[in-house]
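Have a look at the structure below, then the notes.
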Amino acid sequence: MEDKKVAVVLSTYNGEKYIKNQLDSILNQTYKNIEIYVRDDGSKDNTVEILKEYENRGEIKLYPKENVGFIKSFFDCLSFCEDADYYAFCDQDDEWFEDKIERAVKKLKEKNQKIPLLYFADYDFYDDNMQFIASSKSHKYGPSFRNAIVDCITLGINTVINKTTRDLMVNSGIQKSCGHDWTAYMICSSMGEVIYDKVSTLKYRRTGQNVSPGGKGFLAFQIWRIKKFFINDYFSKVREELIEFEELFSNKLSEEDKKLLSMFTNKRYSFVNSIKKFFYPKRFRQKTIDELMLRFIFLIGKL
């Protein structure tokens, strides 16, 4: 099985506290045909010095660069990678279970490599001191392009893509991505296949500084959501992402997916369109409370 090469794609920023644990968990994988590519996004602490220790031992390939934000940093790192069969996204402060990559490769090898493929698995929440909090098993309805338009359940921490997906991400001229993981999810759910493995494959450390909100308590999560959705300019960025996706990939989509996507790419508010989305007969989100919130957002024309 290890004839398949896996490139681990990691962007770091001020990650000195946990980066050794993460890298060591990658190096301790049962699957050994792995190369680790790290783009440092302008860290101001000792992250680069730590990474150079691993580079000097030949364990990683390091690209210290200027700060551009985590999304562009991940896209840059994908472009730096040499050819591989699969590409595994990775954050700087988690820890992987030793069979994470082995499981992904086994699942991906069974599929048609000519289409975009994405594998993702469940994960467990841990606190800052790596004490178990809970498991993430909440993807009751599974992946779909309908879900990918409004949500990203395939977080970068647990995503592995094939070369076809990587090439589309790097070579298609994407500029408006709201997340490297989200872009990969939209590509694979609309033009290929998404594989959901209902097994936890990593310890997702919640440090309080994480980009994603997963693992927050109910009240804290709702406060985060209100700030992001109604105070910040979040949905205009999502709409820009969807408009660009339509421009770049419309000719590769099914007629059903084209029609669905077009409901979200109108540049002007339309009450009729909002009502259509509000009463859309199929579910978008995994949880009922999230679905109800989304329908309200449709109704008021935020998305």
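The values are calculated or read from the model by the stated rules, or taken from the named source; none is laboratory data. Worth saying up front: this structure is predicted, and the values here are computed from it rather than measured. Note: ideal-geometry Cβ built from the backbone for every residue, glycine included; neighbour counts use all protein chains shown.
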Residues in the range 133-164 that are out of contact with any Ser or Thr (no Cβ under 8 Å at 6 or more places or on another chain) and free of Cβ contacts under 8 Å to residues at least 60 places away in the same chain total 4
Residue tally, condition in a strand (DSSP E or B) and charged (D, E, K, R), over the range 92-128: 3
Single unsatisfied condition, Y185 versus (1) part of a loop (DSSP other than H, G, I, E, B); (2) of a type in the set (F, W, Y); (3) surrounded by 23 or more Cβ atoms within 10 Å (Cβ to Cβ): (1)
Only one of these conditions is not met by Y141: (1) surrounded by fewer than 18 Cβ atoms within 10 Å (Cβ to Cβ); (2) at pLDDT 95 or above; (3) of a type outside the set (A, V, I, L, M, F, W, C). Which number is it? (2)
Among the residues in the range 64-74, are any buried (at least 17 other Cβ atoms within 10 Å of the Cβ), assigned to a helix (DSSP H, G or I) and among the aliphatic types (A, V, I, L, M)? yes
Filtered residue count, the range 267-288, keeping only those that are free of Cβ contacts under 8 Å to residues at least 24 places away in the same chain, under 28 Å from the mean Cα position of the chain (by Cα) and surrounded by fewer than 12 Cβ atoms within 10 Å (Cβ to Cβ): 2
Taking the stated definitions as given, is N33 more than 22 Å from D181 (Cα to Cα) and in contact (Cβ under 8 Å) with a residue 60 or more places away in the chain? no
Six or more apart or on different chains, Cβ atoms under 7 Å: show the pairs whose first residue is in the range 250-266 and more than 16 Å from K282 (Cβ to Cβ) and whose second is modelled with pLDDT of 95 or more and of a type in the set (D, E, K, R). S250/K258; T265/E246
Please tell me if L202 is assigned to a strand (DSSP E or B) and at pLDDT 95 or above. yes
Surrounded by fewer than 17 Cβ atoms within 10 Å (Cβ to Cβ) and either more than 15 Å from Y87 (Cα to Cα) or touching a residue at least 24 places away in the same chain (Cβ under 8 Å) (or both), is that true of G58? yes
